[in-house]
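S.K.: Okay, here's the structure, questions in a sec.
The values are calculated or read from the model by the stated rules, or taken from the named source; none is laboratory data. Just so you know, these numbers come straight off a predicted model, no measurement behind them. For neighbour counting, all protein chains shown are included, and Cβ atoms are generated from backbone atoms with ideal geometry for every residue, glycine included. Quick note on the areas: whole protein, heavy atoms, side chains included, nothing else; ligands and nucleic acids left out. Shrake-Rupley method; radii C 1.70, N 1.55, O 1.52, S 1.80 Å.
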Amino acid sequence: MGKGIPLNDQDRIPWLCNLHDILLRDVATGQHVVLACSALKKVYRDILIRGKDGAPQKCAEPGKEERLAEVKLLVVHLSGSFEVISGRLLQRKGHFMPAELLQSQFDALEPPSAPENFIQISVDKNLSEIIATILKIFK
């Protein structure tokens, strides 16, 4: 992306699988985890939840019943117009993604929908409003 070339599925899937493994590890130790990434497509979000195959994997631990290796995930979909997001991207200094790639992100976007576990928040809100909206979900 830093060279102006959008990532494709083959670029993203190994990275998403690594994130799934990190989520599994951290959740298994009782941690509450916040992961920020652009899981633009439903299949990407499925990988974060279920791993590479997009289907629950059985994981056996010695002395324990088999369990499904699935992460409970709440997707926070920050939605905004191309114009608003483009304007903000142009104000960033030193960010790895050039503004020229934004259209490819919008083209790839599959907004979450039922039955996915998600909330949608407009980026027109200020940061403190966005955070407050998210925190209300966990109270």
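S.K.: Any chance you could run the full-extension gain for Leu89 through Asp124? It's 0.36 nm times the residue separation minus the Cα-Cα distance, nm to one decimal.
M.R.: This chain segment gains 11.2 nm when fully extended.
S.K.: Which pairs in the list Lys42/Lys93; Lys93/Lys139; Lys93/Lys125; Lys42/Lys136 are over 28 Å apart, alpha-carbon to alpha-carbon?
M.R.: Exceeds cut-off: Lys42/Lys93; Lys93/Lys139.
S.K.: Per the 1.4 Å probe, what fraction of the accessible area of the stretch 75-139, in percent, lies on carbon and sulfur atoms?
M.R.: It is 59 percent, rounded to a whole number.
S.K.: Considering amide H positions built from the backbone, and no H for Pro or chain starts, which residues 5 or more places from Leu78, or on another chain, come under 5 Å of its amide H?
M.R.: Amide H to amide H, under 5 Å and 5 or more residues apart or across chains, Leu78 pairs with Ile121.
S.K.: Sticking with this one: How many nm is it between the label spots at Lys52 and Asp107, if each spot is 7 Å from the Cα in line with the beta carbon?
M.R.: The modelled label-to-label distance comes out at 2.8 nm.
S.K.: Further, regarding this structure: Of the listed peptides 127-136, 103-112, what is their order by residue-averaged count of other C-beta atoms within 10 Å, with the highest listed first?
M.R.: 103-112, 127-136
S.K.: Report ³J(HN,Hα) in whole Hz for each residue of the stretch 119-135, in order, from the Karplus equation J = 6.51 cos²θ - 1.76 cosθ + 1.60 where θ = phi - 60°; Gly and Pro get x.
M.R.: 10, 10, 10, 6, 6, 6, 6, 7, 4, 5, 5, 4, 4, 4, 4, 5, 5
S.K.: Quick one: Karplus J couplings for the stretch 25-30, per residue in order, coefficients 6.51, -1.76, 1.60, θ = phi - 60°, nearest Hz, x for Gly and Pro?
M.R.: 4, 5, 5, 4, 8, x
S.K.: While we're on this one: Test of understanding: what is the full-extension gain from Glu100 to Asp11, defined as 0.36 nm times their sequence separation minus their Cα-Cα distance?
M.R.: 30.2 nm
S.K.: In whole percent, how big is the carbon plus sulfur part of the accessible area of the stretch 1-50, probe 1.4 Å, protein atoms only?
M.R.: 57
S.K.: What distance in nm separates the two pseudo spin-label positions at Leu35 and Ile131, each 7 Å out from Cα along the beta-carbon direction?
M.R.: Distance between the two pseudo-spin positions: 2.3 nm.
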